[in-house]
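Note sheet for the following structure.
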Amino acid sequence: MFLEHPKSDLSRRGWVEVICGSMFSGKTEELIRRLKRARIARMKVEIFKPKIDTRFDEVKVVSHDSNFIQSTPVESSAQILPLAKNMDVVGIDEAQFFDEGLTAVCETLANSGTRVIVAGLDMDFLGKPFGPLPQLMAIAEYVTKVHAICMNCGNLAYISHRTAKSQDRIMLGEQESYVPLCRSCYLRERGASGAFS
């Protein structure tokens, strides 16, 4: 079931783009790049991030390379629609932290002619699909999977391996708590920690 957008303009063409991958893979960098290009083209752009993500800044979306763009922090996906009214392009960062309603919000925006660009982790630290990302990838016209470099062997990273002790699914952190690993190194690390026993 789709949410009703306040204004639908079928003359505009909308779609959904998803940028996904592990931590330190450049997801936010790519999101910022696409949004800045849209602004150069004089499009009306708005970007949203979950209010809980205060790692680098409470308001800005900031990449690991210290590039940033102003954003609007929101507590739930339901807050996005009224704030995205009349925008040509809507960016959403850290989509894995949003509720499952995000997929319907993105579809509603795209159906009304808005280009929606979503970035987020596709898997949690246990290798399980994370939040609304699997559904968003399924309904998106374009999916870009980016990769970090495995910190153990240099191959393409597959997952964000948590080095901190917490087993909470959501735990904000950076290099002090996570490292990107390829599949082989991840399995070796998990086995060494007794995770598979």
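The values are calculated or read from the model by the stated rules, or taken from the named source; none is laboratory data. Values in this document were obtained by computation on a predicted structure and should not be read as measured data. A quick note on method: Cβ atoms are made from the backbone with ideal geometry, for glycine too, and the neighbour counts reach across all protein chains shown.
Annotations for the structure displayed:
- Boolean, T72 is modelled with pLDDT of 95 or more, β-branched (V, I, T) and either touching a strand residue (DSSP E or B) at 6+ places or on another chain (Cβ under 8 Å) or surrounded by 21 or more Cβ atoms within 10 Å (Cβ to Cβ) (or both): no
- Among the residues making up segment 119-142, those that are over 23 Å from R188 (Cα atoms), touching a Leu at 6+ places or on another chain (Cβ under 9 Å) and not polar (S, T, N, Q) are A119, G120, G131, P132, L133, L136.
- Residue in segment 90-103 that is part of a helix (DSSP H, G or I) and touching a Ser or Thr at 6+ places or on another chain (Cβ under 8 Å) present: yes
- Just so you know, in segment 120-136 the residues that are of a type in the set (A, V, I, L, M, F, W, C) and part of a strand (DSSP E or B) include one that is nearest to I47 (Cα to Cα), and it is L121.
- Check on I139, in contact (Cβ under 8 Å) with a residue 60 or more places away in the chain, β-branched (V, I, T), surrounded by fewer than 17 Cβ atoms within 10 Å (Cβ to Cβ) and in contact with a helix residue (DSSP H, G or I) (Cβ under 8 Å, 6 or more places away or on another chain): yes
- Out of T103, T114, T163, sole residue that is without any contact (Cβ under 8 Å) to a residue 40 or more places away in the chain and either in contact with a His (Cβ under 7 Å, 6 or more places away or on another chain) or within 21 Å of S71 (Cβ to Cβ) (or both): T103
- Residue within segment 137-148 that is in a loop (DSSP other than H, G, I, E, B), at pLDDT below 95 and closer than 22 Å to I47 by Cα present: no
- Residue check, R13 of a type outside the set (S, T, N, Q), at pLDDT below 95 and over 19 Å from L133 (Cβ atoms): yes
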